[in-house]
Structure formats: C-alpha cells, structure tokens
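K.L.:
Following this message is one structure expressed as structure tokens.
The values are calculated or read from the model by the stated rules, or taken from the named source; none is laboratory data. This is a predicted model, so every value here is computed, not measured. Glycine gets a Cβ as well: all are built from the backbone with ideal geometry, and neighbour counts include every protein chain shown. With ligands, DNA and RNA removed, areas are computed over all heavy atoms of the protein, side chains included. Shrake-Rupley method; radii C 1.70, N 1.55, O 1.52, S 1.80 Å.
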Amino acid sequence: MVPQKSKLLLLSIGCQLGKIGVFPTDMEGGHSSELAEKPMTTISRHCFGDDSEESPFSISIIENMKEDYGLFVWPCSIVLAEYVWQQRLRFSGASVIELGAGTSLPGLVAAKVGANVTLTDASDRTEVLDNMKKVCDLNKLKCNVMGLTWGVWDASIFSLHPKVILGADVLYDTTVFITTYHNRSGHHLISFLMAKWGLKCLKLLDVFSFMPSDKASGLSGNIQLTEIVLNNGHTKYL
C-alpha cells in the first residue's frame, strides 16, 4: 500500500507535468506526412486540492488537438471546474446537467464530489459524445451522456429535474434571454436583481398587460416578463 504522503507527492508531480502525450502511430518508421494526417491525441491531467486538503484528486481528459470546439479543454471549462471543486459541498448529492459539455471537465468534477451528473452536447457530434463516454470510463465515473439539439424538443431531458445546470463558454454572441418571473419580495424583484448583477434589460412587462383576460383571471401575484441581454463583452455576471 502506498502511504498517503507518497500518494499526494505523486499526484502533485503528475499535475505539474500537465499532459501525457498519446500518439496513434509508432514513431519508428513512421513518416511525418502520415502523422500529420492522423489526429494528435493527448491526455491532460487537471488537479483539484493540494496536500492541505482531505481528498485531492485529478481528472484526466482525452483531447484531440486537431479537432475543434468539443474535443479539447477550453479555459472557461477549467475555471468552472475549479469553482465546482471549491463549492463541492453544494454539489454533493445534487442532480447536475452540463450543457455543451465537450470534454466535460466541470461535470466530471461535479461527479467526483458526489453529484448525479448528465453530460450533454450536440446530437450530431458523435465523436464528442463518444469521447465523453471514454473520459468517464478513464476516470471511473458514472455519468449519463446525452445528445441534445438546440431548439428541438426532447422529452427525455425533462425527466432529469436538475438542481444545477452548468455551462462553460456556451454563449458566443450577444444572446437575449426571455424569462417570466414571480416577484415575491422586495429583495427578489427582477429589477433589483438585474441591477445587482449588472444585467441589461431590453424589456420588462407586467404579464397582465398582454395576457388575455380569461387566462389572466386565473393568475395572482406580481408576475413579470423580461428580456435580458447576455453579452460576454459587456455583461457582468454573479
């Protein structure tokens, strides 16, 4: 049995090394042109905690450096994964979905700290979904892997009832988020929260101003509809 201090040292060394190269063709006798045509695959190791923590661990991610978007770890994914680790007590036992997960680092960290995780990405990106399954197996983590298509109804997703939805770098352009909100107290008014978070409101409507009278008669309380601009370059987030 390896002593705990030795395990911590090995983990630290492995994380400092960062990446382990895995090449699809034997270098002996291989031609450079043949290698250039084949995808270059690496395994990157991402560490969480240190020797002052009770249970430091690492997550290994299979990356394909010749593919785009879904097959390598983006900076925002690293940041979100670290936040999940630091908030690990919040995630333990929670139902979590990661949208546009790609290499799935945040979702895998959530699974490692005890969350029930579903990893999702585009249904037509079979290579990304297959890679998710391989990464789960590599880290000995059980996650549900699901293909989704933006804008297409998928009844299976509505049976998951997540407590937390994760998304690392999933908004690329200015996006308008349209939502309805039931104002229940002064500190939870939608206008108060948007000012607090630095969000820009395009439209704020009292729902009774546009709801048909027969439908409005069954509603009560202060309910509003708002259109909020989510812009990576100009919007502050909580």
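K.L.:
What is the one condition in (1) on the phi < 0 side of the Ramachandran plot; (2) open to solvent by 60 Å² or more (accessible area, probe 1.4 Å); (3) at pLDDT below 75 that V152 does not satisfy?
P.N.:
Just one mismatch for V152, condition (3).
K.L.:
So for the range 121-144 (the condition being farther than 30 Å from R45 by Cβ and either surrounded by fewer than 16 Cβ atoms within 10 Å (Cβ to Cβ) or in contact with a helix residue (DSSP H, G or I) (Cβ under 6 Å, 6 or more places away or on another chain) (or both)), does at least one residue qualify?
P.N.:
Checking the range 121-144: not a single residue is farther than 30 Å from R45 by Cβ and either surrounded by fewer than 16 Cβ atoms within 10 Å (Cβ to Cβ) or in contact with a helix residue (DSSP H, G or I) (Cβ under 6 Å, 6 or more places away or on another chain) (or both).
K.L.:
Same structure again: Taking the criterion of being open to solvent by less than 70 Å² (accessible area, probe 1.4 Å), of a type in the set (S, T, N, Q), under 17 Å from the mean Cα position of the chain (by Cα) and modelled with pLDDT of 85 or more, would at least one residue in the range 79-86 satisfy it?
P.N.:
No, the range 79-86 contains no residue that is open to solvent by less than 70 Å² (accessible area, probe 1.4 Å), of a type in the set (S, T, N, Q), under 17 Å from the mean Cα position of the chain (by Cα) and modelled with pLDDT of 85 or more.
K.L.:
(1) at pLDDT 75 or above; (2) loosely packed, with under 11 Cβ neighbours inside 10 Å; (3) part of a helix (DSSP H, G or I): which one isn't true of S220, the others all being true?
P.N.:
(3) is the only condition that S220 fails.
K.L.:
Quick check: is even one residue across the range 132-144 in contact with a His (Cβ under 9 Å, 6 or more places away or on another chain), in a strand (DSSP E or B) and modelled with pLDDT of 75 or more?
P.N.:
No: zero hits.
K.L.:
Output the number of the condition that M65 fails; it satisfies all remaining conditions of (1) more than 18 Å from L141 (Cα to Cα); (2) modelled with pLDDT of 90 or more.
P.N.:
Condition not satisfied by M65: (2).
K.L.:
V96 passes all but one of (1) at pLDDT below 90; (2) part of a strand (DSSP E or B); which number fails?
P.N.:
Result: V96 passes all but (1).
K.L.:
Right, here's the next one. Please determine whether any residue of the range 124-131 is assigned to a loop (DSSP other than H, G, I, E, B), free of Cβ contacts under 8 Å to residues at least 60 places away in the same chain and not small (G, A, S).
P.N.:
Yes: the range 124-131 contains one or more residues that are assigned to a loop (DSSP other than H, G, I, E, B), free of Cβ contacts under 8 Å to residues at least 60 places away in the same chain and not small (G, A, S).
K.L.:
Taking only the range 155-184 into account, find how many residues are open to solvent by 90 Å² or more (accessible area, probe 1.4 Å), in a loop (DSSP other than H, G, I, E, B) and at pLDDT 75 or above.
P.N.:
2
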